[in-house]
Each structure stands twice: as C-alpha cells, then as structure tokens.
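Please read the structure below before turning to the comments.
The values are calculated or read from the model by the stated rules, or taken from the named source; none is laboratory data. The model shown is predicted, which means the values in this text are computed figures rather than measured ones. Note that each Cβ is placed from the backbone with ideal geometry, even for glycine, and that neighbours are counted across all protein chains shown.
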Amino acid sequence: MKEESKIYVYRLWPLFLLIVGLPLLSFLVWLLMPVTELGIVVIDKTVRDGSYQEHAGLFWTLEHQKYKKPSGDSYTAAMDYFGFFPSGKSDFGQSRDLKDKSAEEIRKMATEADLVYVADTYGVYEGDFDKSASVERSAKIYGGMDASDLLLIKTTVEEGRSVVVEFNSMASPTTKQIRNEFENLMGLKWTGWIGRYFDELDTALNSDIPTWMVRQYQRQHVSWNLSGPGLIFIKESGEIEAFVYETDYDNKVPLIRTQKVNKHGFRLPEVVPYPDWFDVVMIERDYEVISYYDINPTSEGLKRLRSLGLPRFFPAAVVRKSEKGRHYYFSGDFSDMDGSFGSPRFFGLPTLWRGLYVASDYSDRQSFYWNYYYPLISQVLEKVGEE
C-alpha cells in the first residue's frame with residue numbers, strides 16, 4: 001500500500017509543480033523586480049462604486065510594474081485620485097478634487113508630477129445609484145472638467161511634463177469655455193460626436209441599450225426599427241444617428257488599427273476590436289497617430305459620415321512630443337475595466353492573460369485590456385520614466 005502511495009505521489013508532482021511551484025516562482029520574481037518612483041496625479045470624476053472602474057486598469061498596471069510614489073508608498077486605486085468618492089449611502093458620496101487647492105498648490109503639484117492622467121470627467125448621476133431613474137438622462141450629482149483641472153494640465157504642459165487624457169474628459173458636462181481652452185492648449189478639436197457599438201440593436205433582444213437613447217432616436221426618426229449589430233452616433237446638440245452593419249459599414253465591430261512601424265515605436269497588435277464608447281476628434285499636425293479607428297464604411301455609409309462632418313478614419317490614440325514630455329489623447333474609454341484582473345503581484349501574468357484572451361475576442365472587455373490598453377499604458381509609463 002505504501003508503495004502504491006509513493007507511485008501516486010510521484011505521478012502527481014508535475015501537477016503540484018504547475019499549480020504551486022510556478023505561481024510561487026512568479027511571485028518571487030515579481031518581488032525581485034526593481035521599484036520605479038514616478039509622481040502621478042490621477043483625475044477621475046466618474047466613480048460610482050468601489051470597483052473604481054474608470055481607473056482600475058491604470059492602477060493595476062502601476063502595482064504590477066512596481067511604480068511607486070516619490071515617497072516610496074504604493075499607489076492605491078481607492079485613494080490616490082482626485083474626483084468623486086462614493087459612500088454607498090443616501091448622500092451618494094463626496095468630491096475631493098482640485099477645487100480645494102489654491103493656484104499655488106496646483107502649480108506645485110504640476111512641477112512635482114511626472115505624469116498627469118485624466119481618466120474621466122463625465123461625472124456621476126442620480127441614475128447611477130437609482131436604476132429606476134434611467135428612463136431619461138438623470139440629474140447630475142457631480143462632474144465636468146473645471147478651471148482647476150485645466151490649470152493643472154496647463155501648468156504640467158508648461159513644465160514639460162507628460163499628460164494623458166482619455167475619452168469624455170472634454171465632452172459633456174464640461175462647459176464650452178473650459179473645453180475651448182483645453183482644445184487650444186492640447187491642439188485637439190472635438191467634433192461634438194461620440195459613438196458606441198452594440199452587438200444587437202433590437203431592444204427586445206438587448207436590454208443594455210439605454211432607454212433615453214431609444215427615446216431620443218424616436219423623437220428624431222419616428223421609430224427605433226433597428227436590428228442586428230450597429231453603431232449609434234450621438235452629437236452634443238442631441239442629434240442621433242444609427243449605422244447598421246452591412247448597410248452602412250462592413251467591420252462588424254470598430255477596429256483599432258496600429259501600423260506595425262510607427263514613429264514613436266509603440267509595440268501594439270495591428271488590429272484590435274473595440275466595442276465601447278469613443279469620441280471623434282480632430283488633431284493638429286504636430287500629433288502622431290499611434291492607432292486609429294476603422295469601421296470600413298460602405299459607399300452609402302461614407303456619404304452619411306461626410307454629411308455628419310465626420311472623417312473616414314477616427315484617431316484612437318495620438319501623441320505629440322514637447323521639449324521634455326509628451327501629450328497623449330486616448331479617444332476611447334480605454335482604462336475602464338470591470339471585473340477581476342487577478343493579483344498584480346505575479347511576474348508574467350499579462351503574458352498569460354494575452355494568451356487566454358485573444359485580441360479578436362471582443363465579447364469580453366478583458367481581451368481589450370490585455371491586448372491593447374495594458375501594452376499601450378505600459379509603454380507610456382516607460383517613456384515617462386525615461387524622461
């Protein structure tokens with residue numbers, strides 16, 4: 001019997017090594033990785049709950065790659081940002097942002113920061129906490145880029161430091177005055193249009209389409225007689241248009257394309273599907289396009305795009321280099337990540353996840369995170385560290 005037990009254990013040791021040995025080795029390698037100190041200021045005004053969804057992807061990367069504050073402390077998604085802090089109670093929560101800082105304090109922050117990251121300024125609304133209020137767009141509780149945020153970005157740019165700004169940071173509910181100043185500062189121009197992909201436009205089959213969106217479309221087009229995959233474009237003025245797959249465009253899901261050889265040397269997949277919100281912006285000539293959106297419009301779809309004042313291709317990620325730093329704009333909800341990533345304290349975990357979540361699988365948001373956002377932000381952080 002003892003001999004049989006020995007044989008049994010002998011046969012199981014490779015499995016034991018796989019389950020226990022490899023993770024342990026991965027953790028030990030992570031522990032030995034060098035720490036990099038980087039001063040990062042994060043703004044996120046769209047925090048609805050403890051998942052910190054709009055900036056969770058950034059903070060996972062910071063911990064995995066062992067970026068720490070100049071003080072030596074680790075960055076934490078729950079505390080190290082300016083914006084809205086939900087309470088989970090009837091008061092919804094409270095804001096802790098740059099309005100509480102003097103101009104001198106903001107300038108000091110900018111001079112000490114290596115990177116300012118504006119994840120989202122859309123804000124929080126009553127409907128985020130009370131789903132019964134979702135028939136129409138609900139009242140705003142807090143949100144929008146303000147003069148204090150703009151001062152931080154402006155001073156950071158003047159100091160030659162790096163800035164990353166994501167989708168919806170300059171769109172509604174940011175005021176037109178603040179937006180215009182931001183556009184002039186960053187060399188960008190929002191067309192006023194945002195868009196989103198839905199894998200099914202038939203509301204009887206897809207309950208994820210917001211009721212307010214359907215109502216708004218019905219007011220302008222009489223009925224929502226849409227079905228199948230499609231894109232919904234919404235303009236700040238309220239105009240709304242639907243592009244139906246195979247009628248108006250031929251790439252079922254919008255694709256983010258990256259040239260294999262690009263001026264700034266970003267190593268990214270050449271094609272990644274992107275099924276989430278994006279905005280359409282125009283850029284000045286000193287910007288380099290890292291990646292761009294391609295919906296492959298039909299001839300009819302191209303006519304419709306032109307009638308809306310939209311280009312054939314939309315910038316997805318762009319960068320321009322200043323004397324010392326770089327200015328990035330991500331024209332999509334890139335750092336938005338819901339769900340568990342796994343512990344960041346294991347070396348090689350992103351490589352494992354990229355193997356499990358293939359780039360072509362858009363059904364799971366984690367696929368986009370591991371195949372596009374993680375390598376993109378990793379290289380951005382690396383460049384910031386070098387500068």
Next on the checklist: I'd like to check something: does segment 16-33 contain any residue that is modelled with pLDDT of 70 or more, assigned to a loop (DSSP other than H, G, I, E, B) and within 25 Å of S340 (Cβ to Cβ)?
Outcome noted: yes
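Rundown of residues vs (1) over 19 Å from F334 (Cβ atoms); (2) in the same structural domain as E200 (by TED's automatic domain parsing); (3) of a type outside the set (S, T, Y), yes/no style:
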| position | (1), (2), (3) |
| --- | --- |
| Y249 | yes, yes, no |
| P254 | no, yes, yes |
| T258 | no, yes, no |
| H264 | no, yes, yes |
| R267 | no, yes, yes |
| E270 | no, yes, yes |
| I283 | no, yes, yes |
Checklist outcome for this item: Of (1) in a helix (DSSP H, G or I); (2) β-branched (V, I, T); (3) farther than 25 Å from G39 by Cα, V380 fails just (3)
Next on the checklist: Taking the conditions exactly as written (at pLDDT below 95 and touching a Ser or Thr at 6+ places or on another chain (Cβ under 8 Å)), does K6 satisfy them or not?
Outcome noted: no
Checklist entry - Do any residues in segment 351-364 that are in the same structural domain as T61 (by TED's automatic domain parsing) and at pLDDT 85 or above have Cβ atoms under 6 Å from those of residues that are polar (S, T, N, Q) and part of a loop (DSSP other than H, G, I, E, B), where the two are at least six apart or on different chains, and which pairs are they? => result none
Checklist entry - Do we find that A139 is farther than 19 Å from G83 by Cα, of a type in the set (A, V, I, L, M) and over 22 Å from the mean Cα position of the chain (by Cα) in this structure? => result no
Item to check | Residues of segment 180-197 that turn out to be out of contact with any Leu (no Cβ under 7 Å at 6 or more places or on another chain) and free of Cβ contacts under 8 Å to residues at least 40 places away in the same chain, as a count | outcome: 4
Checklist entry - When you scan segment 348-374, how many residues do you find that are surrounded by 17 or more Cβ atoms within 10 Å (Cβ to Cβ) and not charged (D, E, K, R)? => result 15
Checklist entry - Which one of F167, F92 is surrounded by fewer than 20 Cβ atoms within 10 Å (Cβ to Cβ), of a type outside the set (A, V, I, L, M) and touching a strand residue (DSSP E or B) at 6+ places or on another chain (Cβ under 8 Å)? => result F92
Checklist outcome for this item: Note on segment 76-89: residues of a type in the set (S, T, Y) and surrounded by 18 or more Cβ atoms within 10 Å (Cβ to Cβ) are Y81
Item to check | helices (runs of 4 or more DSSP H) completely within segment 128-221 that count 1 or more residues being in contact with a Gly (Cβ under 6 Å, 6 or more places away or on another chain) and assigned by TED's automatic domain parsing to the domain that holds V319 | outcome: none
